[in-house]
1. Against the condition under 20 Å from residue 92 (Cα atoms) and at pLDDT below 95, how does residue 46 come out, does it pass?
2. Looking at (1) farther than 17 Å from residue 100 by Cα; (2) surrounded by fewer than 14 Cβ atoms within 10 Å (Cβ to Cβ), which is the one condition that is false for residue 4?
3. With the requirement that a residue be without any contact (Cβ under 8 Å) to a residue 12 or more places away in the chain and assigned to a helix (DSSP H, G or I), what does the range 13-29 give you?
4. Is the range 64-78 home to any residue that is at pLDDT below 95, part of a loop (DSSP other than H, G, I, E, B) and closer than 19 Å to residue 11 by Cβ?
5. Quick one: count up the residues across the range 24-36 that are at pLDDT below 90 and either surrounded by 12 or more Cβ atoms within 10 Å (Cβ to Cβ) or in contact with a strand residue (DSSP E or B) (Cβ under 9 Å, 6 or more places away or on another chain) (or both).
6. Of everything in the range 37-67 that's more than 18 Å from residue 98 (Cβ to Cβ) and within 15 Å of the chain's Cα centre (by Cα), which residue is surrounded by the most Cβ atoms within 10 Å (Cβ to Cβ)?
């Protein structure tokens, strides 16, 4: 469940790209979607620790969006996100990563 949930979480940023008209950032979001989809599928079939790494990586992805769009103001073409979304998603990602980490010995 948690591995397949990562895919739509990454897909949301593509939706934000279209909504806010950030088509220059769309390429980066597509690359992110591909990376997180591959990690999610690998974790489904290989090992749950990959899922922990994927959620931590997505938390960093959220942090980069918050820093580069919010603080610097778009120095790099990152997709704009609604106020507070990146912080919420970052917290969610870290909570899921911690939960999966605690369950590793039962799932693998």
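The values are calculated or read from the model by the stated rules, or taken from the named source; none is laboratory data. In this text the structure is predicted, and so the values were computed from the model without any measurement. Virtual Cβ from ideal backbone geometry, glycine too; neighbours counted across all protein chains shown.
1. Values: under 20 Å from residue 92 (Cα atoms): no; at pLDDT below 95: yes.
The answer is no for residue 46.
2. Failed condition: (1).
3. Taking the range 13-29 as the starting set, the residues that turn out to be without any contact (Cβ under 8 Å) to a residue 12 or more places away in the chain are 15, 18-19, 21, 23, 27.
Those that are without any contact (Cβ under 8 Å) to a residue 12 or more places away in the chain and assigned to a helix (DSSP H, G or I): 15, 18, 19, 27.
4. In the first step, residues of the range 64-78 are kept if they are at pLDDT below 95; the result is 64-78.
Pick out the ones that are also part of a loop (DSSP other than H, G, I, E, B) and you get 72-78.
Narrowing the set further to residues that are closer than 19 Å to residue 11 by Cβ leaves 77-78.
Looking through the range 64-78, at least one residue is at pLDDT below 95, part of a loop (DSSP other than H, G, I, E, B) and closer than 19 Å to residue 11 by Cβ.
5. Final tally of qualifying residues: 5.
6. Filtering the range 37-67 for residues more than 18 Å from residue 98 (Cβ to Cβ) gives 37-38, 41-42, 44-46, 64-67.
This time we only want the ones that are within 15 Å of the chain's Cα centre (by Cα), so: 37-38, 41, 64-67.
Details: 37: 16, 38: 12, 41: 15, 64: 15, 65: 24, 66: 18, 67: 14.
The extreme case among them is 65.
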